[in-house]
1. Taking the stated definitions as given, is residue 210 open to solvent by 50 Å² or more (accessible area, probe 1.4 Å) and charged (D, E, K, R)?
2. Just to check your reading of the model, which residue among 216, 171 is open to solvent by 40 Å² or more (accessible area, probe 1.4 Å) and on the phi > 0 side of the Ramachandran plot?
3. Tell me, please, whether a residue that is open to solvent by less than 20 Å² (accessible area, probe 1.4 Å) and farther than 19 Å from residue 186 by Cα can be found in region 126-134.
4. In region 177-204, what residues are surrounded by fewer than 16 Cβ atoms within 10 Å (Cβ to Cβ), among the aliphatic types (A, V, I, L, M) and within 26 Å of residue 221 (Cα to Cα)?
5. Could you tell me whether residue 251 is exposed (fewer than 12 other Cβ atoms within 10 Å of the Cβ) and either in contact with a strand residue (DSSP E or B) (Cβ under 8 Å, 6 or more places away or on another chain) or polar (S, T, N, Q) (or both)?
6. Which condition number in (1) over 23 Å from residue 209 (Cα atoms); (2) part of a helix (DSSP H, G or I); (3) open to solvent by 80 Å² or more (accessible area, probe 1.4 Å); (4) out of contact with any helix residue (DSSP H, G or I) (no Cβ under 6 Å at 6 or more places or on another chain) is the one that residue 1 fails?
7. Cβ contacts < 6 Å: first residue assigned to a helix (DSSP H, G or I), restricted to region 10-21; second residue among the small types (Gly, Ala, Ser) and open to solvent by less than 90 Å² (accessible area, probe 1.4 Å), any location; separation 6+ or different chain. Result?
8. In this structure, does residue 235 turn out to be under 21 Å from the mean Cα position of the chain (by Cα) and outside any strand (DSSP E or B)?
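The values are calculated or read from the model by the stated rules, or taken from the named source; none is laboratory data. This one's a predicted model, so the numbers in the text were calculated from it and none came from an experiment. Cβ: placed from backbone, ideal geometry, glycine included. Neighbour counts: every protein chain shown. Keep in mind that these areas ignore ligands, DNA and RNA; they rest on the heavy atoms of the full protein, side chains included. Shrake-Rupley method; radii C 1.70, N 1.55, O 1.52, S 1.80 Å.
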Amino acid sequence: MYTVVAADVAKLRNITGAGMMDCKKALVEAEGDFDKAIEILRKKGQKVAANRADRESHEGAVIAKVNEDRTLGGIIALNCETDFVAKNDAFVELAHELAEQAMMYASKEEFLASDFHGMTVADKLIEQTGVIGEKIEIGTFERIEGPFLGAYIHAGNKIAAIASLSANVEGAADAAHAVAMQIAAMNPIALDETQVSQETIDRELDIERELLTKEGKPANIIENILKGKMQRFYKDNTLVHQQFIKDHNISVADYVKSINSDLKVVGFVRTSLA
């Protein structure tokens, strides 16, 4: 049987913004399952952001890199135990150097086994753990290929993103950087509605249907209302349909099209620290 832990309540409150007692009750009902607790809060009408598949860790530096011709990129999180170490110049420099190498490998395992100044990356991390006195490890490892990539690292190295555009055209460099900034700031769950998982769609429909039923809406009009709710969900949560952060009058897709009528966003990766 799940016993409520204060740290879990605080974590759920941090994720959702819901009240402490609401978080505690949701965790008890969900028997400690965070995803289920978030769903419970939303079904009770709490204004909680959609659960993100974002990989998170505690402290460290998140670094994004793209190669010279902007067709290959990667993001790593070099994790440590304290913010003090995460802000150390030598630690951040190591994170940049490792990220430069990481994008050349197809998997985290290959990267950890690769040579880094005469030793494997894995051995370098062990060495640094001894030198610094904190556990140093690679958390997230993301790799992306595309026609034209642009990277963005948010101040403080806590969030990084890479956007992939459909072609290298005039203005693409600025556009890719702006879209990567959008990804970092707005944390979309997918590129567009076709890439939202059926599990996520079903969960959203279930939550909204339950809320509408509680409001007393007639069953024969609930399904029509749900169509509009899902359109709003896609607008808020999928990259190409989101309002562009630099001009709320247009979508991200519209912004990219203003650079070149044939230009599109075709992919992205994003990583953040908790």
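1. Yes; evaluated as a whole, the condition is true for this residue.
2. 216
3. No, region 126-134 contains no residue that is open to solvent by less than 20 Å² (accessible area, probe 1.4 Å) and farther than 19 Å from residue 186 by Cα.
4. 201
5. The answer is no for residue 251.
6. (2)
7. So the pair list comes out as 12/37.
8. yes
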